[in-house]
Amino acid sequence: DAGSFAYPFGHVGLNLKKRLGAQMSSCRSIYGGINAPVADLNLLLANSLYGDVDRFDRADRLLTENEERQGWLIFYTHDVRTHPSPFGCTPGLLEMVVSRTMEKGFRIATAREVVESMVSAPCLPFA
């Protein structure tokens, strides 16, 4: 069963993308945006969730755009703690993003769940 992959530090090239695409069900990039109206499963767009609650506006704008576009919105972070690393976020920011995601009625799912769902119902919005 193929899994999901995240390109380390966003380093991806055509040969690597092609080789991993044959082995994995999906590969995530660090390039921001919304996967809509189609998604490249070998180079999924993803958005960093770094910092504290002062960074919420950016995530909120993405959620609003995703609501309009009905796409697949991916957020990623490396750690969640009161004093996060430069690549992490605070519990407050994560809570705000999850709450807004639920308010908008999006389904929160793993990459594997979304890919499996795309096979059976390709038009559902995700965050």
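Take region 71-100 and flag every residue that is open to solvent by 20 Å² or more (accessible area, probe 1.4 Å), over 13 Å from the mean Cα position of the chain (by Cα) and among the hydroxyl-bearing types (Ser, Thr, Tyr). Scanning region 71-100 gives Thr82, Ser85, Ser99. Leu14 meets the conditions (1) more than 26 Å from Phe106 (Cα to Cα); (2) under 12 Å from the mean Cα position of the chain (by Cα) in every case but one. The failed one is (2). Residues in region 59-76 that are farther than 14 Å from Leu45 by Cα and in a loop (DSSP other than H, G, I, E, B): Gln70 alone. From Asn66, Asn15, grab the single residue that is open to solvent by less than 50 Å² (accessible area, probe 1.4 Å) and either free of Cβ contacts under 8 Å to residues at least 40 places away in the same chain or not basic (Lys, Arg) (or both). Testing whether each residue is open to solvent by less than 50 Å² (accessible area, probe 1.4 Å) and either free of Cβ contacts under 8 Å to residues at least 40 places away in the same chain or not basic (Lys, Arg) (or both) leaves just Asn66. Once region 34-70 is narrowed to residues that are under 17 Å from Ala109 (Cα atoms) and among the polar types (S, T, N, Q), the residue that is farthest from the chain's Cα centre (by Cα) is Gln70.
Residues of region 101-113 that are assigned to a helix (DSSP H, G or I) and open to solvent by 60 Å² or more (accessible area, probe 1.4 Å): Met102, Glu103, Arg112, Glu113.
The values are calculated or read from the model by the stated rules, or taken from the named source; none is laboratory data. Predicted model, so just to flag it, every value in this text is computed and none were measured. As a convention, Cβ positions derive from the backbone with ideal geometry for all residues, glycine included, and neighbour counts pool all protein chains shown. The protein model used for the area step is the full one, side chains on, heavy atoms only, and it has no ligands, DNA or RNA in it. Shrake-Rupley method; radii C 1.70, N 1.55, O 1.52, S 1.80 Å.
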